[in-house]
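Inspection log for the structure reproduced underneath, given as structure tokens.
All of the numbers you see were taken from the coordinates with simple rules; none came from a lab. Just so it is clear, the model here is predicted, and its values are computed rather than measured. Positions of Cβ are generated from backbone atoms using ideal geometry, with glycine treated the same way; all protein chains shown enter the neighbour counts.
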Amino acid sequence: MQRTLTGQRLAALFLLGWLLFNYPLLSLFNDARAWFGVPRLYAYLFLAWAAFIALLAIVAERDVRPNPGRDAGRHPAPDKNSPEPR
């Protein structure tokens, strides 16, 4: 289940990256204005790329933590070497 969810998140990030770095959105930032002396297109590309890499790292390195409520009703199997309770 966790592998499927991670795969779906990576597919969604692929689509997000495709939209972020495709023509219509890039053309919004392609003008002569600048942010803090940096052309808007370069600033957008740098910031969007950094955010995209950060999101990929978060999804790829996410810990697989078991659901604590999943095994709530189960008891561990008795140890063969332990004495039986009376």
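Annotations for the structure displayed:
- In the stretch 21-60, the residues that are under 16 Å from the mean Cα position of the chain (by Cα) and surrounded by 12 or more Cβ atoms within 10 Å (Cβ to Cβ): ALA48, TRP49, ALA51, PHE52, LEU55, LEU56, VAL59
- When the stretch 37-56 is filtered for residues that are aromatic (Phe, Trp, Tyr) and out of contact with any Leu (no Cβ under 7 Å at 6 or more places or on another chain), the ones remaining, listed by number, are TYR42, TYR44, PHE46, TRP49.
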